[in-house]
Structure formats: structure tokens, C-alpha cells
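**Q** One structure, pasted below without further comment.
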Amino acid sequence: MRILFVGDVFGQPGRRITKELLPALREELAPDLVLANGENAAAGFGITPSLVEELLDLGIAVLTSGNHIWDRKEIVPYLTDHADGRLLRPANYPASAPGHGLYLGKTAAGVEYAVLNLQGRVFMPTIECPFRTADSLLEKIPPTVRIRIVDMHAEATSEKLALGWYLDGRVTAVLGTHTHIPTADETVLPQGTASITDLGMTGPYDSVIGIEKQKVIKKCLDQMPARFEVAKGDTRLAAVLIEADAETGRATSIQRIMRR
């Protein structure tokens, strides 16, 4: 089984390149399942219901998110009304938060899969433990569901790597998002879990993690409040392609994808 996971779709440039390149990638790589992180799809901060539908209409099966999921107020009723839908929020937010962090589905070929969305706590809001939340979610997944993909939305590389080792052999992949910088540490851990610290951003790379660089530099210099705007240049699609055994759920390979 082949799984394509697209890294953080950032603003209009990220949405545009996903729309332009995803059909050709699907033809070239023949993934059985396409996933993406979409939390920054709306001008770099949050996502709206219409943008959720726009991305899902591209053939993306499930959208994960992270700490910016709450940036657009209109997404809150959407998460409530579509609580079992294909937009996830990190599962380790308090249970009273709208939405869910686990999705169970089937591919067109009938292969069952699970997508888990977690958020780190190092240099981020102190919410519930992602490690213990992962344990709890895995107990809810039927044993017949062998393909299990985790989006670990976190700042610290150490926390992402630790979760990969913690879940090695229990999930198909632990994929880092949030920092927008693609890392070169993709590997399959000894018990068959694919791991990478960060998928990278699908968006403008002539920037500081998607934002117009001069605005970020100015803020670094004067520490004054600033209105950040999405950059436009050097737009790229970042993703990984994972190959896994559908019967065991074990990954056999992970490959970084970067397309302009």
C-alpha cells in the first residue's frame, strides 16, 4: 500500500500548487491514500469550511491540523457539525473541545486505515500528553485496521522523534508537521514504523516559513507587533510517500517528495 502525505498547506500559494501538482503526482506515484495537513490553508493561519471542502475535493481523504485550527472562528461549528468528518484537530486537546483527533476509513480498494492527529507540548501550549493520548486512541482502533498514520504536530524535533520510537511497531508512520522546514531524517524504525521529523511546508519558500521575510526580519529587529502576510515566491509541494504492508501495517519505505 502506498500513502502520500502532503505537508502543511500554507495559504493561497500552497492551495494553488496542491491543486496544480496533485493530479500528476497521483498518476506518477499511484498512492492508495492521500492525506494532508491543512491548518494554515487560510492566508497562513487556520482553515475555513470552504477551504476544507476545496482540499477534500482534490482527492485528499483526511486533513489533519494543529495549534492553528482555532484561528478561524467559523471552523468551530464546522468541527462540531462534522465531528466524525475528515478534518481532524489534535486529539490531546481537552475532550470538551469541538471535533476529534482520530479518523477511521477505507481506501477505494477496501483497505481499512486510521489517521491520528496529535500535538506536542514542548514550546507549545501545555495540553494533555500526546504519548498517553496515542495509547488511548490505539486502544479504540479495531485490530483489523493495520494501517495507522500519525501526524505529530510539534515544535521540538526531540519530541517528534521520541513519539516515533514510542510507537514503533504499533503504527505505520509518525510524521512531523508544524515547523514548515523539511528534514532529511526519514527512516523506517526497527519495528516497521516510518518516521520523519518534519514533512516541510507546501507553500512559498522565498519566505520565513511561509511569511514575507522582510516583515519577519523587521519584527526580529524591533520586537514591535507586526501584521504577517503570506509570501508568494518559490512555491513548492512537500510530501512523503510511504510504502507499507496492508496486512501487517508495517512500513517498508519512506521517500521525501519536493516539487516546484
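**Q** Please go through the range 34-88 and pick out each residue that is in a loop (DSSP other than H, G, I, E, B) and of a type in the set (Asp, Glu). Outline the logic, then answer.
**A** As a first pass, look at the range 34-88 and keep what is in a loop (DSSP other than H, G, I, E, B): 38-48, 57-61, 65-66, 71-74, 82-86, 88.
The answer is Glu39, Asp57, Asp71, Glu74, Asp84.
**Q** Moving to a separate point now. Please state which of the following conditions Arg86 fails to meet, knowing it meets all the rest: (1) in contact with a helix residue (DSSP H, G or I) (Cβ under 9 Å, 6 or more places away or on another chain); (2) open to solvent by less than 10 Å² (accessible area, probe 1.4 Å); (3) of a type outside the set (Asp, Glu).
**A** Failing condition for Arg86: (2).
**Q** Quick check on this structure: which one of Tyr93, Tyr78 is in contact with a Pro (Cβ under 7 Å, 6 or more places away or on another chain) and open to solvent by 20 Å² or more (accessible area, probe 1.4 Å)?
**A** Of Tyr93, Tyr78, the one residue that is in contact with a Pro (Cβ under 7 Å, 6 or more places away or on another chain) and open to solvent by 20 Å² or more (accessible area, probe 1.4 Å) is Tyr78.
**Q** Kindly indicate the residue of the range 194-214 that is surrounded by 20 or more Cβ atoms within 10 Å (Cβ to Cβ) and part of a strand (DSSP E or B) and also farthest from the chain's Cα centre (by Cα) among those meeting that condition.
**A** Among residues in the range 194-214 that are surrounded by 20 or more Cβ atoms within 10 Å (Cβ to Cβ) and part of a strand (DSSP E or B), the one farthest from the chain's Cα centre (by Cα) is Ile211.
**Q** Do the conditions hold for Val150, that is, is it over 27 Å from Ile211 (Cα atoms) and either of a type in the set (A, V, I, L, M, F, W, C) or within 16 Å of the chain's Cα centre (by Cα) (or both)?
**A** no
**Q** Six or more apart or on different chains, Cβ under 8 Å: which pairs go from a residue in the range 100-112 that's more than 14 Å from Val34 (Cα to Cα) to one that's open to solvent by less than 40 Å² (accessible area, probe 1.4 Å) and among the polar types (S, T, N, Q)? Could you list them?
**A** Gly101/Asn92; Gly101/Asn117; Gly101/Thr133; Leu102/Asn117
**Q** Within the bounds of the range 99-106, is there any residue that is part of a helix (DSSP H, G or I) and among the aromatic types (Phe, Trp, Tyr)?
**A** Pass one, the range 99-106, residues part of a helix (DSSP H, G or I): none.
No - not one qualifying residue is present in the range 99-106.
**Q** Go through the range 230-250 and give me each residue that's of a type in the set (Asp, Glu), over 18 Å from the mean Cα position of the chain (by Cα) and under 29 Å from Ala24 (Cβ atoms).
**A** Step one: list which residues in the range 230-250 are of a type in the set (Asp, Glu), which gives 234, 243, 245, 247.
From what is left, the residues that are over 18 Å from the mean Cα position of the chain (by Cα) are 234, 245, 247.
Of everything in the range 230-250, those that are of a type in the set (Asp, Glu), over 18 Å from the mean Cα position of the chain (by Cα) and under 29 Å from Ala24 (Cβ atoms) turn out to be Asp234, Asp245.
**Q** Here's another thing I want to ask about it. Take the range 107-141 and flag every residue that is of a type in the set (S, T, N, Q) and either crowded, with 23+ Cβ neighbours inside 10 Å or in a loop (DSSP other than H, G, I, E, B) (or both). Give the steps one after another, and end with the answer.
**A** Residues of the range 107-141 that are of a type in the set (S, T, N, Q), as a first pass: 107, 117, 119, 126, 133, 136.
Within the range 107-141, Thr107, Asn117, Gln119, Thr126 qualify.
**Q** Considering every residue within the range 241-249, establish whether at least one is of a type in the set (D, E, K, R), assigned to a strand (DSSP E or B) and surrounded by fewer than 21 Cβ atoms within 10 Å (Cβ to Cβ).
**A** Among the residues of the range 241-249, at least one is of a type in the set (D, E, K, R), assigned to a strand (DSSP E or B) and surrounded by fewer than 21 Cβ atoms within 10 Å (Cβ to Cβ), which makes the answer yes.
**Q** Next question, about the same structure. Name the residues in the range 176-198 that are small (Gly, Ala, Ser) and out of contact with any Leu (no Cβ under 8 Å at 6 or more places or on another chain), would you?
**A** Correct list: Ala184, Gly192.
**Q** Same structure again: Given the criterion at positive phi, of a type in the set (S, T, N, Q) and surrounded by fewer than 21 Cβ atoms within 10 Å (Cβ to Cβ), identify the matching residue among Gln191, Gln223. Let's see the steps before the verdict.
**A** Working: Gln191 fails: at positive phi.
Being at positive phi, of a type in the set (S, T, N, Q) and surrounded by fewer than 21 Cβ atoms within 10 Å (Cβ to Cβ) holds for just one of Gln191, Gln223, which is Gln223.
**Q** Quick one: is Glu139 within 17 Å of Leu167 (Cα to Cα) and of a type in the set (Asp, Glu)?
**A** yes
**Q** Taking the range 1-55 as the search range and keeping residues that are basic (Lys, Arg) and over 19 Å from Ile75 (Cβ atoms), which one is most open to solvent (accessible area, probe 1.4 Å)?
**A** Only one residue tops the list, namely Lys19.
**Q** Here's another thing I want to ask about it. Collect the residues in the range 58-75 that are open to solvent by less than 20 Å² (accessible area, probe 1.4 Å) and not hydrophobic (A, V, I, L, M, F, W, C), keeping them in residue-number order.
**A** Thr64, Ser65, Gly66
**Q** Continuing with the same structure: Every residue in the range 142-161 that is touching an Asp or Glu at 6+ places or on another chain (Cβ under 9 Å), closer than 21 Å to Arg121 by Cβ and assigned to a strand (DSSP E or B), please.
**A** Met152, His153 - these are the residues of the range 142-161 that are touching an Asp or Glu at 6+ places or on another chain (Cβ under 9 Å), closer than 21 Å to Arg121 by Cβ and assigned to a strand (DSSP E or B).
The values are calculated or read from the model by the stated rules, or taken from the named source; none is laboratory data. Keep in mind the model is a prediction, meaning the values are calculated, not measured. Reconstructed Cβ throughout: ideal geometry from the backbone, glycine too, with neighbour counts over all protein chains shown. Heads up: the accessible areas ignore ligands, DNA and RNA and are worked out on the full protein's heavy atoms, side chains in. Shrake-Rupley method; radii C 1.70, N 1.55, O 1.52, S 1.80 Å.
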